[in-house]
Amino acid sequence: DEYGREGANVLMRARGRVDVLIPRGGRDLIQTVVTNSAVPVIETGEGNVHIFLDASADEKMAVEILLNAKTQRPSVCNTVETLLVHSRSTVLPAVAAALRAAGVTLHTDARVTAALPSVETVPATDVDWATEYMDLDLAVAMVDSMDEALAHIRSWSTGHTEAIVTNDLANAERFIAEIDSAAVIVNASTRFTDGG
């Protein structure tokens, strides 16, 4: 931050003095460095990050995790961008109310919209499932099974971080075993993925 864009430009031109650059940040920063650098670059991934609330998710835990994962610092790559909720979960109304109270815009599929008649939402499209908002926006979809949640994540994830909120050990173990992302988290905020 201290040297701003000009400092970044100097680093990108410092071939022979800088061995490698590893840009960390949003899509625009990463692409700018990859495109413009005369120094070798290790390209980092974007953060289309998911949290799956399974049928056994505890309401208090789910609310606390989602508020931290979405609102603590929404402009960074480890912020949750998509919430998947099991159709048998009972925590969606409390989670949605807490997120809305924190200023989060919910981009919801038709089933979530129907389940939250008194909560302001906007209709989600396929663009939302692929979007790294880096803002107080969250895509929310309802799924009927772990299989559906895993399939959604495999389709839309950038491989950064995925999390499950659950009180079912078998579901936690399956999620860990079947998700291929840099970090897979159980019952904690995606914001724990940071640095090395």
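Numbers below:
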quantity	calculated
Alpha-carbon centroids, segment 38-95 and segment 168-196: separation in whole Å	11 Å
Normalised contact order of segment 105-186, rounded percent, pairs of Cα under 8 Å and 6 or more residues apart	26 percent
Average accessible area per residue (Å²) across the chain - probe 1.4 Å, nucleic acids and ligands excluded	51 Å²
Segment 92-196 - percent of accessible surface contributed by carbon and sulfur, probe 1.4 Å	53 percent
Per-pair calculated FRET efficiency, R0 = 45 Å: Asn9 and Ala151 via Cβ, rounded to 0.05	0.60
Normalised contact order of the chain, rounded percent, pairs of Cα under 8 Å and 6 or more residues apart	24 percent
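The values are calculated or read from the model by the stated rules, or taken from the named source; none is laboratory data. Everything quoted here is computed from the prediction, not taken from an experiment. Every residue, glycine as well, gets a Cβ built from its backbone with ideal geometry; the counts of neighbours run over all protein chains shown. All accessible areas refer to the heavy atoms of the entire protein, side chains included, with ligands and DNA or RNA removed. Shrake-Rupley method; radii C 1.70, N 1.55, O 1.52, S 1.80 Å.
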